[in-house]
Each structure stands twice: as structure tokens, then as C-alpha cells.
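Before any comments, here is the structure.
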């Protein structure tokens, strides 16, 4: 009898797996060049790179692989999950932790979606579309000037709610408990909202401080599509650098379709007195084959201070550039 019940349970599990929509997906970024990180902080020369090199800081995007699934569980609800690797390096290694980008379980329906696990921050999910070059690993002006409106990184043990779109508006909420996060860990609350009406899109996000020695974060952004060109402007405040924050400042961006190419750039300024950072980013990309994008990008970074505020031994200015291919499957 016991063996019969076990067999029935196994068959039921396989039947459930067969009915689930499970997808293997990934992205491969192969480039030649060097990032702003490689030039300013690591004193590297240009080289061939995977999007997982230097802690995911080379090329435009992070080389990774993942699996995601969705199952109808009845009553208009779906159970969803996603597991996604961290960056895969040129040597074939996977940056630690191995499943470092996404590892969550969720439930969705007419009410929206709830997720629990490791996932992108609410600010990132709400504000990333205001970066026209996808927050480039190697040359992101907003990232390297530390004023990108999407800046707070991923969170583990994060409970998030994503509302359905209502009249062009969406809301997202997040909570990460202090739990067993170690000395100084704080309960973290986050929220984001975005609204689109025709060519205009506006958004805002906030996150409370993650530790007692860090600072909270908030940002606002807007973009407008004129047809021949799309423009964006954002402001982010991550608190004073001397108090454990990331500074404050703006990012302005433009992108336009030119003869089948996307041509654009960003200009970012962090006005914190203890950072005084300026960064410029230029990019061109185009889909050359199905699911295959070719890109060229360039970045310039500098601080007006006498020494690098992050590392006194590093340069106070530098450039980065990459020519690459992104294949998505």
C-alpha cells in the first residue's frame, strides 16, 4: 500500500511538470574592449570579454542562463518561478553565488503578482526603462556616476507585489525583513510607481536604508517620445557619501532611430561634494539577425577631486569602450 501511494505521488508530480510551461532562456554577450571599471580601477588593457568578466562589469549585458516556468493552479491563478545564474565569465566560470540574479516563486492573477525570493529591486524594475542603453555593464553613465534612478541592487528574501496596469499606471511594493541579515541589518521597505500616457512616461521609486550605516534611496524620472528622438531626465538621491550614501544627481538621455540603428547617449552628474563625478555614455546598436544585436559603446568618467573618492590609488578619470554581439535565446 505504501509503495502504491509513493508511485501515485511520483506520477502526479510528473503530470504536473508536464502541464507546466517551463522555458530555458539566456543571453550571451561577447565583446572586445575594456570597461570604465577595468580602465580606472584595474588598469587593464582591451581584451575579448564575456558579459560575466570582472564581476559582470564588461560589455553591455551580463552573460547568463536561466529557467522559468508558469503553471495554471486554478481559480484564475498561476504559480510562477524563475532561477537565473550570475554572470558567466570568459573562462566558463559562474560568479558566486551561482544562482545569483533571480531565485523566486510567485503567484499571479487578476490582482497582479506576488513574488518571494531573490530578485531585482523595486527601483530597478520600475525605473530601468528610463536608461536607453539598458544600464550597460561597461560604460553606464548613470551607474558609474552613481546616480542612475534604478541603482539599488538585487535583494534576497524579498517579498514584492506588482499591480496590474490600470489606466496606464502600475505600482510595485517590496519588503525585506531584517531577519538574520547580520549586525546592522534593517527592515527594508520599497515602493515604485510608473505612469504612461501616449509619448509621456513618468516614474518614481524609493527604498529605505538596508543597514544602519547606509542611507535610503529615492528617484524620479520622465521620458518623452517625439518620434524622431526620445528624451529622458532623471534625478536620484542615495544620501551623502560621507554618511554611507551614494550621492545625488541627474542623468539626461537621448536616443533616436537613424537608418535602422539606435543611436543615443547619456550624461550624468553626481553633485555630492565628496564625489563630484561626471560620466558620459554614447552607444549605437542594431538587431542584425533574429535575436542577435550588434553594438558599439563608449564611456568617459572623471572626478573633479584631487584623488579618486572610492580608491586613492585609482585614476581620477578614464574611458571605456566595447564592440560586441548580444545573442538572446
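For this structure, a couple of remarks:
- In the stretch 104-209, inverting the average of 1/r over every pair of distinct C-alpha atoms gives 14.7 Å as the Kirkwood radius.
- When the convex hull of its Cα atoms is projected in every direction, mean area for the stretch 11-128 (nm²): 9.5
- Sequence-separation-based contact order of the chain, relative, with Cα cut under 8 Å and 6+ spacing, percent: 16
- Scoring 74-82, 146-154 by mean Cβ neighbours within 10 Å over their residues and listing the highest first yields 146-154, 74-82.
- Packing-based exposure ordering (other Cβ within 10 Å, fewest first) of 310, 144: 310, 144
- Cα gyration tensor, the stretch 127-171 - rounded (a/c under 1.5), prolate or oblate: oblate
- The stretch 202-329: C-alpha gyration tensor shape, a/c 1.5 cut-off, then a/b vs b/c: prolate
Every number here is computed from the coordinates shown, using simple stated rules; none is lab data. Model, not experiment: these values are computed from the prediction. Counting neighbours? That spans all protein chains shown, and the Cβs are built from the backbone with ideal geometry, glycine included.
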